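> Have a look at this one.
We did not get these values from a lab; they are worked out from the coordinates using the rules stated. Predicted model, so just to flag it, every value in this text is computed and none were measured. No Cβ is skipped: glycine too gets one built from the backbone with ideal geometry, and neighbour counts run over all protein chains shown.
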Amino acid sequence: MTDVRYGHVWRSIGPTPRPATTAEEVPVVVAGAGPVGLAMALDLGRRGHRVTVLTRLDYIAGGSKAICFSKRSLDIMDRLGVGDRMVEKGVTWNVGKVFWKDRADPVYQFDLLPVKDQKRPAFINLQQYYVEEYLVDALAALPNVDIRWGHEIRGVAPRDEGVAIEVGTPEGDYAIDAGWLIACDGNRSPIRTMLGLDFEGRVFEDNFLIADIRISEDRPAERWFWFDPPFNPGKSALFHRQPDDVWRLDFQLGWNVDREECLRDENVERYIRAMLGPDVAFEKEWYSIYTFQCRRMARFVHGRVLFAGDSAHLVSPFGARGCNGGFADIDNLGWKLDLVLGGADPALLESYNEEAIVTADENILNSTRSTDFLTPKSSVSEAFRDAVLELAAEHGFARPIVNSGRLSTAISYPDSSLNTPDDDAWDGGIAPGSPAIDAPLGNGWLLGGLGDRFVLLRAGGGESPPEGIDILELDDAPIALARYGLGAGGAYLIRPDHYVAARWHRADAAKIARALARANRGC
């Protein structure tokens with residue numbers, strides 16, 4: 001029977017039968033079938049590896065979870081083959097408005113239109129259960145990936161060359177001897193607990209109410225945020241559109257609240273009608289309460305156990321850095337583990353720990369700053385925030401200081417050990433350790449031509465690169481040439497996760513070979 005302890009059912013699947021053998025060997029086990037775990041399995045599965053996904057649920061859960069997906073995440077999903085479905089279903093939005101007190105006009109408005117001439121928008125809104133459904137459908141086409149629904153990990157014992165895993169099912173227990181275990185099992189990660197590991201960081205003394213409701217009114221697809229509105233005085237609120245006429249309303253509650261009382265339908269309805277008006281017709285989708293946390297593990301790599309997504313790090317939802325940060329993890333980890341599974345030195349995975357922590361720390365920093373601005377904890381902090389909001393209505397210099405959630409963007413690794421530093425000065429272009437930027441290329445797009453391998457972006461020909469590198473010529477792509485600052489004889493080495501590993505005004509085979517060896521550190 002489907003267990004709905006963890007949220008209502010979006011798509012029922014049913015438990016997977018227990019394998020015939022009570023002990024088996026599996027190269028890679030992914031724990032968790034949320035969007036991060038499924039994307040991790042899809043990445044490795046598309047590279048030809050045998051992957052087993054274990055999840056205690058036997059359904060795709062509904063409820064109030066991630067909804068905002070950044071351009072960087074859409075680029076990653078394109079590489080995994082599900083980007084089109086996400087964008088077709090999602091709500092594309094560009095405009096955000098910030099309101100203060102009872103003022104009818106916003107004190108600040110921003111436009112998130114991305115750099116022009118790129119395939120994907122800056123953001124879409126799409127319920128997490130759709131993303132999971134699309135990933136599950138994509139995995140169904142891969143015979144080398146096995147999703148086991150209703151299979152709960154109950155024991156983990158790391159070994160020098162693998163991980164012993166105890167799995168429980170309604171039909172009885174069994175054991176797996178895994179080469180690698182990737183923990184994508186959420187913010188309360190049982191695997192993290194089993195290994196005696198913990199988070200470090202900060203829990204904010206505040207609670208927020210999410211009300212996902214269905215309304216049929218024609219309202220703009222914009223992000224509206226209020227500081228100290230009359231319908232929630234002294235606190236904040238958010239209003240955001242999703243597909244299927246579903247809207248997300250978010251209300252700050254304060255710290256010492258009775259959660260059960262706050263979630264009663266009649267009490268939630270009071271907030272909704274205060275925001276939208278007394279006569280608005282709506283249907284309840286899902287109500288929940290959450291507390292801000294900005295924390296992470298000290299390390300994400302523990303021998304043969306690798307952590308990604310919420311199991312490794314947590315941020316507040318304002319800024320949409322949670323699931324997007326998790327997708328950044330699997331994008332970074334996938335190609336490196338692929339090389340290790342192919343015979344590379346496992347030391348290469350230390351660069352995952354190094355770079356994923358940079359991403360997590362940047363997200364935590366931005367999330368913490370947003371939370372401090374949203375919920376000032378002293379009279380001085382509140383006075384500063386209100387002064388900024390007052391000035392923002394009339395003065396442009398104050399608007400960048402307004403912080404209702406700095407929205408997720410791709411994060412660079414300028415000090416990564418995999419980078420090859422520039423050997424001469426550049427005026428423009430994209431520095432090593434930064435993500436590649438899209439541009440038109442023939443009848444398609446540059447990022448689509450990169451695939452999931454090392455690629456040499458080249459202008460004006462040159463020497464043949466080392467084996468294992470494909471070439472993408474940019475001679476007939478003027479926007480790309482300008483964006484990358486390339487002239488004749490110049491080149492970029494792009495990693496499989498579409499980050500710049502090295503660049504040269506004048507590339508030769510020896511330079512490329514050295515940069516490739518450095519980017520494959522440990523091979």
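> Within the set LYS97/LYS284; LYS71/LYS284; LYS65/LYS101; LYS71/LYS119; LYS89/LYS336; LYS97/LYS235, which residue pairs have Cα atoms separated by over 21 Å? Mind dumping the intermediate values first?
Working: LYS97/LYS284 25 Å; LYS71/LYS284 30 Å; LYS65/LYS101 28 Å; LYS71/LYS119 9 Å; LYS89/LYS336 31 Å; LYS97/LYS235 17 Å.
Among LYS97/LYS284; LYS71/LYS284; LYS65/LYS101; LYS71/LYS119; LYS89/LYS336; LYS97/LYS235, the Cα-Cα distance tops 21 Å for LYS97/LYS284; LYS71/LYS284; LYS65/LYS101; LYS89/LYS336.
> Which distance in Å, rounded to a whole number, links the C-alpha centroids of the stretch 70-144 and the stretch 7-47?
Taking the Cα centre of the stretch 7-47 as reference, the centre of the stretch 70-144 is 25 Å away.
> Here is a follow-up. Would you compute the Debye intensity of the chain from its alpha-carbon atoms alone, equal scatterers and no solvent, and pass along log10 I(q)/I(0) at q = 0.06, 0.08, 0.09, 0.12 Å⁻¹ to two decimals?
For the requested q values the scattering log ratios are -0.30, -0.54, -0.69, -1.18.
> If you average 1/r across every pair of different Cα atoms in the stretch 440-519 and take the reciprocal, what Kirkwood value do you get, in Å?
Numbers: mean 1/r = 0.0807 Å⁻¹.
Computed over Cα pairs of the stretch 440-519, the Kirkwood hydrodynamic radius comes out at 12.4 Å.
> Within a Cβ distance under 11 Å of SER412, other residues only, what is the Lys/Arg minus Asp/Glu net charge?
Counting the neighbours of SER412, the net charge comes to -3.
> While we're on this one: Which distance in nm do the two modelled labels at GLU283 and ILE479 give, with both placed 7 Å along the Cα-to-Cβ direction?
Modelled inter-label distance: 4.1 nm.
> Moving on. Quick check: the distance between the Cα centres of the stretch 228-286 and the stretch 300-359, to the nearest angstrom?
35
> At a Cα cut-off below 17 Å, give the aspartates and glutamates reachable from LYS377, other chains included and same-chain residues fewer than 8 away excluded.
Partners within reach: GLU205, ASP206, ASP228, ASP386.
> Arranged by the count of other C-beta atoms within 10 angstrom, fewest first, what order do VAL402, VAL53 take?
On the way: VAL402 19, VAL53 27.
Taking fewest neighbouring Cβ atoms as first place, the list is VAL402, VAL53.
> Here is a further query. Equivalent-ellipsoid semi-axes (√(5λ), Cα gyration tensor) for the stretch 215-294, whole Å, largest first? Present the calculation step by step, with values, prior to reporting the outcome.
Values: eigenvalues 84, 44, 36 Å².
The answer is 20, 15, 13 Å, longest axis first.
> Pull out the extension gain between ASP423 and ALA509, defined as 0.36 nm times the separation in residues minus the alpha carbon to alpha carbon distance; nm, one decimal.
So the extension gain works out to 29.5 nm.
> Across the chain, where is the longest run that never hits GluC sites (Glu not before Pro) in a DSSP loop with at most 14 other C-beta atoms within 10 Å?
On the way: sites that count: GLU161, GLU171, GLU217, GLU394, GLU463, GLU467.
Counting at most 14 other Cβ atoms within 10 Å as exposed, the longest clean stretch of the chain is 218-393.
> Still on this model: Using only the Cα atoms of the stretch 375-523, build the gyration tensor, take square roots of its eigenvalues as a ≥ b ≥ c, and label the shape rounded, prolate or oblate: rounded if a/c is under 1.5, else prolate if a/b is larger than b/c, else oblate.
Details: a/c = 2.91, a/b = 2.22, b/c = 1.31.
Here the stretch 375-523 falls in the prolate category.
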